Amino acid sequence: MKLWGGRFIGSTDSFTDHFHSSISFDSRMYKQDIEGSIAHAAMLGKQGIIPMEDSELIQKTLKEILADIEAGNVVFDERAEDIHMNIETILIERIGDTGKKLHTGRSRNDQVALDIRMYLKEQITDIKALLKELITVLNNIAEKNTGTIMPGYTHMQNAQPVTLAHHILAYVEMFKRDRDRLEDCYKRTNVMPLGSGALAATTYPLDRDLVAGKLGFDSITLNSMDGVSDRDFVIELLSALSLIMMHLSRFCEEIIIWNSQQYRFVEMDDAYSTGSSIMPQKKNPDMAELIRGKTGRVYGHLMAMLTVMKGIPLAYNKDMQEDKEGVFDAVDTVKMCLPIFTRMVDTMKVNKDNMYDAARKGFMNATDAADWLVKQGVPFRDAHGIIGRLVLYCIENNKSLDELTLEEYKAVSDVFTEEIYDAISLETCVNTRTVKGGPSEGYIKELINMNKKIIAEMK
Ligand code: ARG
């Protein structure tokens, strides 16, 4: 018979059992469910709500059940619906009437809210650690490439030269913010809902703060109806995970472009590439593409959960069981993508020469050439015109500005001297941009050191 079977005459249809059962996916919260129950039982004993020896037997048996699950010796039953009732059923099977006392002053509604909060706290901590690894690897790649000049783009057109370090550190900023967001979301997940009961708390003298302390929560929920029906923290996490995927996906898109025959800025290691079943020459950046592709499912889970929650009247409704599969899949996806991405960028070969050659195209130093003329006293509008004419000359003669001879320069304006070459070198263009936030080697080295300190302090 079902644990709630007393009020029923008929039994549920087996198809109904299958439809509403959540054990196939919430079984992954078995550890949180048992830890929560142990803390609850300990508190019930201490408060004299159940006899101390019953509390102790319940706690001891729950620990044995945990060990049995971990050893693979427990088969869950779909007819017991979910992880909460599966474990309670096993407890009652083992210790009979004493086991029936565990659920005193508790509802599955606050129990499931507790379990999911505990589970997600662990996941957030894991993902923060994975982000820290990624940030460390990116900062190290930047350190090796403070002088690796490459084109900076707007509209995918060559715009101004930057360095690979500058480009990569842009992503470091994004991933630092992603970590901050997780830290922030953790705070709101770290609130203990047990004691909310089904919705209107309970008449038993529960010590909720004691339970919160035992389970490592910072505080308790302050309204029992909110305690059982809030899933904001799930949505917040899905949103933080979506942003992580968005950043990974953008970076993957760039890596896919950089790895193409047309660019050849980087080459992916064999370990992170795959071949084609028909074209023998192919080496495809599948991992980057797959990460880009998986971004869609994480966004999907965010949208699904916002939609699930939008019309649910207070307090608990079964719709909320739909929170788990999506957020579990989102967490699993991010936990797979982050380490793959980290290893993929860590092992990718950077073709510095190809980046440099690409940076020489597209007259990215034209502004700097005009600025040099201005420094020699030429009004900016005239300087703009002179360099414009030189660019046209270069296009007609298939040259870049730094390839022109001094005679060719002087043919357009006699202000030019040998100094122009140094002034428009890509190195000068990059390294005179010394303003904080810019690409100059000096500032970038400062930023890399700043990041090292930030990384060392990351918990
Ligand atoms: N499996 C349920 C869930 O995930 C647990 C809570 C069920 N509560 C209830 N009153 N049916 O939401």
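The values are calculated or read from the model by the stated rules, or taken from the named source; none is laboratory data. These numbers were taken from a predicted model, which means no experiment stands behind them. With ideal geometry, Cβ positions are generated from the backbone for all residues, glycine too; neighbour counts draw on all protein chains shown. Please note that ligands, DNA and RNA were not included when accessible areas were found on the heavy atoms of the full protein model with its side chains. Shrake-Rupley method; radii C 1.70, N 1.55, O 1.52, S 1.80 Å.
Think of segment 296-429 as a dipole: +1 on every Lys or Arg Cβ, -1 on every Asp or Glu Cβ, centred on the Cα centre; then among MET364, GLY300, SER425, GLY300 lies furthest on the positive end.
Over all directions, the projected convex hull of the C-alpha atoms in segment 1-88 averages 6.5 nm² in area. Annotation: amide H-H contacts under 5 Å for MET192 (H modelled 1.01 Å from N, sequence separation of 5 or more, or interchain): SER219, ILE220, THR221. For LYS128, the aspartates and glutamates whose Cα falls under 12 Å of its own Cα, not counting residues fewer than eight places away in the same chain, are ASP178, ASP180, GLU183, ASP184.
Reducing segment 1-51 and segment 86-118 to their Cα centroids gives an inter-centroid distance of 5 Å. Note on GLN281 and SER14: their simple-model spin labels are 5.9 nm apart, each label 7 Å out from Cα toward Cβ.
A 25 angstrom limit on the alpha carbon distance is what I want to check against. Which of LYS121/LYS294; LYS361/LYS410; LYS2/LYS214; LYS318/LYS459; LYS144/LYS452; LYS31/LYS324 exceed it? Among LYS121/LYS294; LYS361/LYS410; LYS2/LYS214; LYS318/LYS459; LYS144/LYS452; LYS31/LYS324, the Cα-Cα distance tops 25 Å for LYS2/LYS214; LYS318/LYS459. Toward the positive end of the charge dipole of the chain, about the Cα centre and with charges on Cβ (Lys, Arg +1; Asp, Glu -1), which of GLY377, HIS18, ALA41 goes farthest? Value: ALA41. For Cα pairs less than 8 Å apart in space and 6+ apart in sequence, what is the mean separation divided by the residue count of the chain, i.e. the relative contact order in percent? Across the chain, relative contact order equals 16 percent.
With the helix formula -39500 (n - 2.57) applied to DSSP H stretches of n ≥ 4, the chain reaches a computed 222 nm mean residue ellipticity of -20000 deg cm²/dmol.
Dipole magnitude for the chain: about 420 debye, using +1 per Lys or Arg Cβ and -1 per Asp or Glu Cβ, origin at the Cα centre.
Across the protein chains, with a 1.4 Å probe defining accessible surface, the residues ARG381, ARG179, ARG389 rank ARG381, ARG389, ARG179 from largest area downward. Tell me, in nm to one decimal, what length is gained between LYS445 and GLU396 on full extension, where the rule is 0.36 nm per residue of separation less the Cα-Cα distance? This chain segment gains 13.7 nm when fully extended.
For ALA67 and ASP207, a Förster radius of 22 Å and the Cβ-Cβ distance give a FRET efficiency of 0.20, rounded to the nearest 0.05. The label-point distance for PHE380 and ASP329, in a model that sets each label 7 Å from Cα toward Cβ, rounds to 5.4 nm.
For SER219 and LEU314, the difference between the fully extended length at 0.36 nm per residue and the C-alpha to C-alpha distance is 32.0 nm. Per-residue surface analysis assigns ASP68 an accessible area of about 50 Å², computed on protein heavy atoms at 1.4 Å probe radius.
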